[in-house]
1. Being surrounded by 23 or more Cβ atoms within 10 Å (Cβ to Cβ) and more than 24 Å from the chain's Cα centre (by Cα), is that true of even one residue in region 284-302?
2. At least 1 residues that are farther than 30 Å from Lys221 by Cα, away from the ligand (no atom under 16 Å from the Cβ) and not small (Gly, Ala, Ser) in each: list the helices (runs of 4 or more DSSP H) lying fully within region 244-355 that qualify.
3. Among the numbered criteria (1) free of Cβ contacts under 8 Å to residues at least 60 places away in the same chain; (2) farther than 20 Å from Tyr261 by Cβ, which single criterion is violated by Asp39?
4. Out of all the residues in region 395-412, is one or more without any contact (Cβ under 8 Å) to a residue 12 or more places away in the chain and of a type in the set (Ser, Thr, Tyr)?
5. Please go through (1) away from the ligand (no atom under 15 Å from the Cβ); (2) touching an Asp or Glu at 6+ places or on another chain (Cβ under 6 Å) for Leu94 and return the number of the only condition it doesn't satisfy.
6. For region 6-54, enumerate the residues that are hydroxyl-bearing (Ser, Thr, Tyr) and not in a helix (DSSP H, G or I).
7. Picking from Val138, Val161, Val128, Val101, which residue would you name as being under 29 Å from Trp234 (Cβ atoms), under 17 Å from the mean Cα position of the chain (by Cα), within 16 Å of the ligand (Cβ to nearest atom) and not hydroxyl-bearing (Ser, Thr, Tyr)?
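We did not get these values from a lab; they are worked out from the coordinates using the rules stated. These numbers were taken from a predicted model, which means no experiment stands behind them. Here the Cβ is made from the backbone with ideal geometry for all residues, glycine too, and neighbour counts use every protein chain on show.
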Amino acid sequence: MYQAPRGTTDILPAEQRFWAFVQTTLAEAARAFGYARIDTPLFEDTGLFARTVGQETDIVQKEMYSFQDRGGQEITLRPEGTAAVCRAYLEHGLHNQAQPVRLYYLCPMFRYDRPQAGRFRQLHQFGVEAIGDSDAAVDFEVIQLAMECMRRLGLEGMHLVLNTIGDAADRPRYLAALREHFRPHLDHLGGDDRRRFESSPLRLLDSKELAGEPLMESAPKSADYLGPEAQAHWDELRGYLDAAGLAYALDHKLVRGLDYYTRTVFEVHPERAGAQSAVGGGGRYDGLIEQLDGRPTPGIGFAMGIERLILNLREQGASPAEVNPRPVVVAYRGAAAKAAAVRVAGSVRGLGAQAVLAPDRSLKGQLRYASAIGAQRVLILGDAELAKGTVTHRDMATGDQREAALSDLPNLLAG
Ligand code: HAM
């Protein structure tokens, strides 16, 4: 028997209330901050991600679903949203609109990751991007929106982890310091880490093998290597956070798993945090649009994993309202009544209510079916009702039955 591919999940009707709650709540939070929805294709040219996310990142090295289509194009199922949104921003001339442009998205992403709790190969992200403004107040806005999402979802104990990784111009000095720090230990590093030491030493701070090692704790801090502009930006942002009473922990090892970041980077973690448990993360990417051959354009955003949010909601005992239909079931006794029941089901739908025709079995079996699908009321038609032009209304909660004229259906359903 076929099964869903490893790392993918079916979202069955019983789980839809969690998805509806999270998606609606996040979209409303984004709109409250002035963000408009954007949807981009499920796949893009492979080069878009290779160029922006970074050659040395796990995403590009190991996790992309890439293939050649039948026309010989190199295609990748999108592993993240930022590069695609920036591509759309350039392609459709959104830089000609009032800046910053505020956008949000809610869509599936694909990463050939090792599946485990909260880690999937098809995952869903809610993300926002504010493109075209370098003001630290926009960094604050984006972080505030991330925490507002937690508040609106009712998630407790989510905390903010923050770092700055400076501007591109500050980077060479910092990378040199990192190399100095790790060089004496090169022999102890794994193959991946030795390669990163050469090509992308910032990634060493993200290394899974080195996580928790004293060598990591004592590594030079990017915040100590900021140029004057990045320093002023960082100070201004922290001023806004402090003024708003928005608590955060500084973590100088937080560099994020993607290469396009500059200055502010942040993640949101649940209380009992494991390395993989970030529910969301983001940061500033002031060089990304230029990498895509656009004019220098600053940007900042974040994305959250919907599956991880739902995992935390479940752990905290959340119980969102049911979204599945609770239709009126139209039951019948006999062939003539069945034909009438088909018409009555249509009338019920015409009145704006949900209706299903009961399956063709005994009346007792039809009532059992109605109860099993959660119907609150059943309309029953038999020869007696047909002769009188009536219908019997059964309240499934109480078992009470009463007869009413078919012409009175609107009042019956409203009651
Ligand atoms: P990211 O940290 O790679 O950032 O992903 C954001 C969130 O997506 C993670 O915090 C996690 O909740 C979820 N996520 C990532 N991978 C998986 C997975 N395999 N299974 C389940 N959930 C996962 C980005 O994608 C950036 N584009 C965020 C951003 C937007 N930066 C600026 N703007």
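1. The answer is yes; a qualifying residue exists.
2. Answer list for region 244-355: 335-350.
3. Condition not satisfied by Asp39: (1).
4. Among the residues of region 395-412, at least one is without any contact (Cβ under 8 Å) to a residue 12 or more places away in the chain and of a type in the set (Ser, Thr, Tyr), which makes the answer yes.
5. (2)
6. Once the filter is applied, which keeps residues that are hydroxyl-bearing (Ser, Thr, Tyr) and not in a helix (DSSP H, G or I), region 6-54 yields Thr8, Thr9, Tyr35, Thr40.
7. Val128
For (1) among the polar types (S, T, N, Q); (2) farther than 26 Å from Tyr225 by Cβ; (3) in contact with a strand residue (DSSP E or B) (Cβ under 6 Å, 6 or more places away or on another chain), each residue gets a yes or a no:
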position	(1), (2), (3)
Cys149	no, yes, no
Thr164	yes, no, yes
Asp167	no, no, yes
Leu189	no, no, no
Arg195	no, no, no
Ser199	yes, no, no
